[in-house]
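First comes the structure, then the notes that go with it.
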Amino acid sequence: MYLDKAAKEPVDISDKLVEEFGEACKSALRKQFSEERRKEFKPRMSNIGRPLCQLQMEAQNVKGEGQSYNVKMRNTFGDLIEALAVFVLKSAGVDIEDEQKNVKYKFNGSSIEGRLDVKIDKKVWDIKSASPYSFEKKFGTAGGFEEVVKDDAFGYVSQGYLYSESEKLPFGGWIVINKSTGEWTVCKTPLIDD
């Protein structure tokens, strides 16, 4: 495994991949700190799985107390870990067919937009950073796809399947990195939707 080898000895890395990683990190910082957030509510693949009452309040432009600074930091960590994951996957020789692609799912004269993380082996995969608890109990050996479905407060399942439906490809599941330990796991879907 690439990371095992890199932990034991220096490995060659591509200057091109280092540049891509740097650009992804810059983009993450701009997105989290300086880009104007959408003022009007619009359902997106990344928010559609949230509780209905939360979506209704956002649609009515009801302002809460706002988020504390640590939410901004967690979101930034997630974006940076995702950029690092793509760098590691590519460095390991994984053929990423598409990444950070804007997609649109059309239905009943309407549509919903989102941005998928990666396509690998003709499947859509979502990259997640997770707390140690979620890494183990939700995505890891003590969890799995059924556990994610059972406790999906962030709408990860609907998000992944909307990405895949918009691309007419199967949803592979989640590539998950423990944000405290750096461990990786892959939480696959049952793929009965082929």
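Would you be able to tell me the number of residues in the range 79-111 that are out of contact with any strand residue (DSSP E or B) (no Cβ under 8 Å at 6 or more places or on another chain) and among the acidic types (Asp, Glu)?
1
Looking at (1) surrounded by 13 or more Cβ atoms within 10 Å (Cβ to Cβ); (2) touching a Ser or Thr at 6+ places or on another chain (Cβ under 8 Å), can you tell me which one Ser14 breaks?
Here Ser14 meets the rest and fails (1).
With respect to the numbered conditions (1) at pLDDT 95 or above; (2) surrounded by 15 or more Cβ atoms within 10 Å (Cβ to Cβ), which one is the sole condition not fulfilled by Leu55?
Result: Leu55 passes all but (1).
Can you tell me which of Tyr69, Tyr156, Tyr161, Tyr133 is without any contact (Cβ under 8 Å) to a residue 40 or more places away in the chain, of a type in the set (Phe, Trp, Tyr) and either touching a helix residue (DSSP H, G or I) at 6+ places or on another chain (Cβ under 9 Å) or surrounded by 18 or more Cβ atoms within 10 Å (Cβ to Cβ) (or both)?
Numbers: Tyr69 fails: either touching a helix residue (DSSP H, G or I) at 6+ places or on another chain (Cβ under 9 Å) or surrounded by 18 or more Cβ atoms within 10 Å (Cβ to Cβ) (or both); Tyr156 fails: without any contact (Cβ under 8 Å) to a residue 40 or more places away in the chain; Tyr133 fails: either touching a helix residue (DSSP H, G or I) at 6+ places or on another chain (Cβ under 9 Å) or surrounded by 18 or more Cβ atoms within 10 Å (Cβ to Cβ) (or both).
It is Tyr161.
Considering (1) hydrophobic (A, V, I, L, M, F, W, C); (2) over 23 Å from Ile112 (Cβ atoms); (3) exposed (fewer than 10 other Cβ atoms within 10 Å of the Cβ), say which one Ala85 fails and leave the rest.
Answer for Ala85: the failing condition is (3).
Given (1) closer than 20 Å to Met45 by Cα; (2) out of contact with any helix residue (DSSP H, G or I) (no Cβ under 7 Å at 6 or more places or on another chain); (3) surrounded by fewer than 19 Cβ atoms within 10 Å (Cβ to Cβ), identify the lone condition not met by Thr76.
It fails just one condition, (2).
Tell me the strands (runs of 3 or more DSSP E) entirely within the range 77-194 that contain at least 1 residues that are touching a Leu at 6+ places or on another chain (Cβ under 8 Å), farther than 23 Å from Val18 by Cβ and hydroxyl-bearing (Ser, Thr, Tyr).
Details: elements: 96-107, 110-120, 123-130, 171-178, 184-188.
Here the list reads 96-107.
Just one of Lys31, Lys42, Lys26 is of a type outside the set (S, T, N, Q), closer than 27 Å to Trp125 by Cβ and modelled with pLDDT of 95 or more; which is it? Spell out how you get there, then give the answer.
On the way: Lys31 fails: modelled with pLDDT of 95 or more; Lys42 fails: modelled with pLDDT of 95 or more.
So the residue among Lys31, Lys42, Lys26 that is of a type outside the set (S, T, N, Q), closer than 27 Å to Trp125 by Cβ and modelled with pLDDT of 95 or more is Lys26.
Of all residues in the range 120-130, which are buried (at least 19 other Cβ atoms within 10 Å of the Cβ) and among the basic types (Lys, Arg)? Before you say what the answer is, go through the steps one by one.
Keep residues of the range 120-130 that are buried (at least 19 other Cβ atoms within 10 Å of the Cβ), which gives 123-130.
Scanning the range 120-130 gives Lys123, Lys128.
Quick check on my filter: what residues within the range 142-194 are among the hydroxyl-bearing types (Ser, Thr, Tyr) and more than 20 Å from Asp4 (Cα to Cα)? Working first, answer last.
So in the range 142-194, the residues among the hydroxyl-bearing types (Ser, Thr, Tyr) come out as 156, 158, 161, 163-164, 166, 180-181, 185, 189.
Within the range 142-194, Tyr156, Ser158, Tyr161, Tyr163, Ser164, Ser166, Thr189 qualify.
The values are calculated or read from the model by the stated rules, or taken from the named source; none is laboratory data. For clarity, every value in this text was computed on a predicted model and none was experimentally measured. Methodologically, a virtual Cβ is constructed for each residue, glycine included, from the backbone with ideal geometry; neighbour enumeration extends over all protein chains shown.
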